[in-house]
Amino acid sequence: MEIVVQKFGGTSVDSRSSQEKIAKIVIDQKNKGAFPVLVVSAMGRSGAPYATDTLRDLVTKTANEVPSRELDLIMSCGEIISCVVLSTLLNSMGVKAKAFSGGQSGIITDKNFGSANVIDFRSEMLLQSIENGIVPVVAGFQGITEDGEITTLGRGGSDITAVILGAGLRAERVEIYTDVDGIMTADPRILSEARMIEYITYEEVFQLSNEGAKVIHPKAVEIAMRYNIPVVIKNLNGSLPGTLITSFKDRDAIMSGYKKSKIITGIAHTMNVSQIVIKMSEEDKLLEEKIFRKLADEHISIDLINLFPDLKVFTVNKDCIGKSVAILKDFGVDYKVNEDCAKVSVVGVGMRGVPGVMAKIIEALYEEGIDILQTSDSHTTISVLIKKDLLAKAVSALHRKFELGKREEEVFG
Ligand code: ADP
Ligand code: MG
């Protein structure tokens, strides 16, 4: 039987009217002949009674140090509430449905509480439910270890659940319902003119989400790519078809007639980045080694790394700046911190080997009087570090420069 995994994010399950829309989608899907498997997130965003942050605050506001095992246990409750609410609604409407926690659905993880890795998916329970015509409603974002501990998969982890189920159940596709029309050329919260992208490759979505576009979890994209499962992102509130994510070949086939693609596909950003610049003597290799080792031992993740003989430049997340500065003080080195920065990344598989992308980025930003503090690049992504308060201006300037507001056929005629 053809299976479709349908995942509903936090804002898609938080009201009775949204839940009824989900029920309608499930009934439509069944009528069309494909069997739906649902994955749900916790209801609502921060502040809502059963949202993940609210549950975590119940304990983190009581004690400074809460064991990660207990944190996962309490944070896993939000999705469990959602899956029971939805399965109950479906049953009340005459659609046979059954709620499953992550563990009950067969998702097995390692013991890395807080951002556990899925190591196995045992599909028997869900397959049995499907064979009996009962729609499984699975709690996203969580799993269970071999010895029965409940774990969570990290922020945005329900996307991972959806794709794992999609792969394990050999689903036709995974549909991710959210509060935007699909993958957009930039975060619509930053740029209202951002345009929906109809077709996009796994590789590009991975780069966008890895560089901060939280519309889908990068690990979910990786898994979808590995198993070649089409993923559709669409708005629960609306009738647009959304964005179809597939491999490049499929996309070419779909787009036949428009073989030319734009060089740049989209822009992503990461807020709350701090830049650290360390000055040191060219001879002091051992000190350099010790500093980077210590940062790693303290689990401080560093990014945008540019090393010169006498200058070491990199960025850390704002949350880690206190810890990082304490380490540099301990070593007694000469350093400078540039707080309140943002990283803007321009992504496109079409930029491979094409000269002039950096020149255009520089033009776009300098025309707006935006200083570039640092850059980094790979085959498909160029990132620039700028001051945080210039973020919206920078995204808008780059969006215009690369004509991202226009469709392919408008650019190529
Ligand atoms: P959900 O709770 O449904 O998982 P998320 O908040 O995780 O929803 O993801 C949807 C959000 O992702 C949107 O509200 C949007 O602000 C943000 N976003 C960031 N970059 C993009 C982008 N390029 N396209 C679409 N949405 C984006
Ligand atoms: Mg999400």
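Out of every Cα pair in region 1-54, what percent are spaced more than 14 Å from each other?
Values: 785 of 1431 pairs.
Tail of the P(r) past 14 Å holds 55 percent of the pairs.
Round to the nearest 10 and report in Å² the accessible area of His379, as given by a 1.4 Å probe over the protein chains' heavy atoms.
140 Å²
Residue by residue through region 16-30, what is 3J(HN,Hα) from phi via Karplus (6.51 cos²θ - 1.76 cosθ + 1.60, θ = phi - 60°)? Round to whole Hz and write x for glycine and proline.
Using θ = phi - 60°, the values come out as 4, 5, 5, 4, 5, 5, 4, 4, 5, 4, 5, 5, 4, 4, 5 Hz.
Give me the accessible area of Cys77, 1.4 Å probe, in Å² rounded to the nearest 10.
Here the accessible area works out near 50 Å².
Leaving out ligands, DNA and RNA but keeping every protein chain, what accessible area does Arg69 have, in Å² rounded to the nearest 10, with a 1.4 Å probe?
Roll a 1.4 Å probe over it and Arg69 shows about 90 Å².
If you split all Cα-Cα distances of the chain into 10 Å bins from zero, what percentages do you get per bin, shortest first?
5, 20, 27, 25, 16, 5, 1, 0
At a Cα cut-off below 16 Å, give the aspartates and glutamates reachable from Lys61, other chains included and same-chain residues fewer than 8 away excluded.
Cα-Cα hits under 16 Å: Asp53, Glu70, Asp72.
Before anything else, pin down the relative contact order of the chain: Cα pairs under 8 Å, at least 6 apart, normalised by residue count, whole percent.
13 percent
Kindly rank 151-161, 196-206 from highest to lowest mean number of other beta carbons found within 10 Å of each residue. Mind dumping the intermediate values first?
Working: 151-161: 25.2, 196-206: 21.6.
Result, highest mean first: 151-161, 196-206.
Hey, any idea what % of the chain's accessible area is carbon plus sulfur with a 1.4 Å probe?
Numbers: 9830 of 19260 Å².
Carbon and sulfur atoms account for 51 percent of the accessible area of the chain.
Would you mind working out the accessible area per residue for the chain, using a 1.4 Å probe, and quoting it in Å²? All intermediate terms of the calculation are to be shown ahead of the outcome.
Details: 19260 Å² over 413 residues.
Here the per-residue accessible area is 47 Å².
At 7 Å along the Cα-to-beta-carbon direction for both Ser17 and Met271, put a label point, then send me their distance in nm to one decimal.
2.7 nm
Return the Cα extents of region 279-413 along principal axes one, two and three, sorted largest first, each rounded to a whole Å.
That gives 60, 31, 25 Å along the principal axes, largest extent first.
Fully extended, how many nm does the chain gain between Lys401 and Arg226 (0.36 nm per residue separation, minus their Cα-Cα distance)? Intermediate values should be presented prior to the final figure.
Details: separation 175, 0.36 × 175 = 63.00 nm, distance 3.34 nm.
Length gained, Lys401 through Arg226: 59.7 nm.
When each pair of different Cα atoms in region 152-242 is counted once in the 1/r mean, what is the Kirkwood radius in angstroms, to one decimal?
Details: mean 1/r = 0.0752 Å⁻¹.
Taking every pair of different Cα atoms in region 152-242, averaging 1/r and inverting gives 13.3 Å.
Determine Rg/Rh for region 168-300; Rg is computed over alpha-carbon atoms and Rh is the Kirkwood hydrodynamic estimate from the same atoms. Walk me through the intermediate numbers first.
Numbers: Rg = 19.6 Å, Rh = 17.4 Å.
Checking Rg against Rh, the ratio lands at 1.13.
Beta carbons within 10 angstrom, averaged per residue: use that to sort the peptides 303-313, 99-109, highest first. Don't skip to the answer; put the middle values down first.
Values: 303-313: 13.9, 99-109: 23.2.
Peptide ranking by packing, descending: 99-109, 303-313.
With no solvent and one point per C-alpha, what does the Debye sum give as log10 I(q)/I(0) for region 127-204 at q = 0.14, 0.19, 0.24 Å⁻¹?
At q = 0.14, 0.19, 0.24 Å⁻¹ the computed log10 ratios are -0.68, -1.02, -1.25.
How big is region 67-218 along each principal axis, measuring the range of its Cα positions in Å and listing the largest first?
44, 42, 26
Straight-line reach from Lys32: which lysines fall under 29 Å, measuring Cα to Cα and dropping same-chain residues less than 8 apart?
Correct list for Lys32: Lys7, Lys21, Lys24, Lys96, Lys98, Lys234, Lys249.
Given Lys336/Lys388; Lys214/Lys360; Lys279/Lys360, which pairs have Cα atoms separated by over 23 Å? Please list the in-between numbers first.
Working: Lys336/Lys388 17 Å; Lys214/Lys360 26 Å; Lys279/Lys360 31 Å.
Pairs exceeding 23 Å: Lys214/Lys360; Lys279/Lys360.
Suppose every K and R has +1 on its Cβ and every D and E has -1 on its Cβ; what is the size of the dipole of the chain about the Cα centre, in Debye to the nearest 20?
Values: 48 positive and 55 negative charges, 187 e Å.
The calculation lands at about 900 debye.
Can you compute the charge dipole magnitude of region 94-241 about its Cα centre, using +1 on each Lys and Arg Cβ and -1 on each Asp and Glu Cβ, nothing else charged? Give it in debye, rounded to the nearest 20. Display every interim value, and only then the final one.
On the way: 13 positive and 19 negative charges, 58 e Å.
The calculated dipole for region 94-241 is roughly 280 debye.
Sort the following peptides by mean Cβ neighbour count (other Cβ atoms within 10 Å, averaged over residues), highest first: 385-398, 230-243. Walk me through the numbers on the way to the answer.
Details: 385-398: 19.4, 230-243: 17.4.
Per-residue Cβ counts within 10 Å, averaged per peptide and sorted highest first, yield 385-398, 230-243.
Dividing the Cα radius of gyration by the Kirkwood radius, what Rg/Rh value follows for region 336-402? Walk me through the numbers on the way to the answer.
Values: Rg = 11.7 Å, Rh = 12.2 Å.
Ratio value, two decimals: 0.96.
Report the full-extension gain for the segment Asp53 to Glu298: residue separation times 0.36 nm, less the Cα-Cα distance, to one decimal in nm.
Stretched out fully, the Asp53 to Glu298 stretch lengthens by 85.7 nm.
Treating the Cα atoms of region 1-127 as identical point scatterers in vacuum, please give the log10 of the normalised Debye intensity I(q)/I(0) at q = 0.13, 0.15, 0.17, 0.21 Å⁻¹, two decimals.
-0.60, -0.78, -0.96, -1.28
Taking Cα centroids, how far is region 383-413 from region 207-239 in Å?
Region 383-413 and region 207-239 have Cα centres spaced 21 Å from each other.
Any chance you could run the full-extension gain for Asn132 through Asp334? It's 0.36 nm times the residue separation minus the Cα-Cα distance, nm to one decimal.
Working: separation 202, 0.36 × 202 = 72.72 nm, distance 6.76 nm.
Taking Asn132 through Asp334 to full extension adds about 66.0 nm, to one decimal.
The values are calculated or read from the model by the stated rules, or taken from the named source; none is laboratory data. All figures in this text were calculated on a predicted structure; none of them were measured in a lab. Every residue, glycine among them, receives a Cβ derived from its backbone with ideal geometry; neighbour counts consider all protein chains shown. Side chains are part of the model used for accessible areas, which takes the heavy atoms of the whole protein and leaves out ligands, DNA and RNA. Shrake-Rupley method; radii C 1.70, N 1.55, O 1.52, S 1.80 Å.
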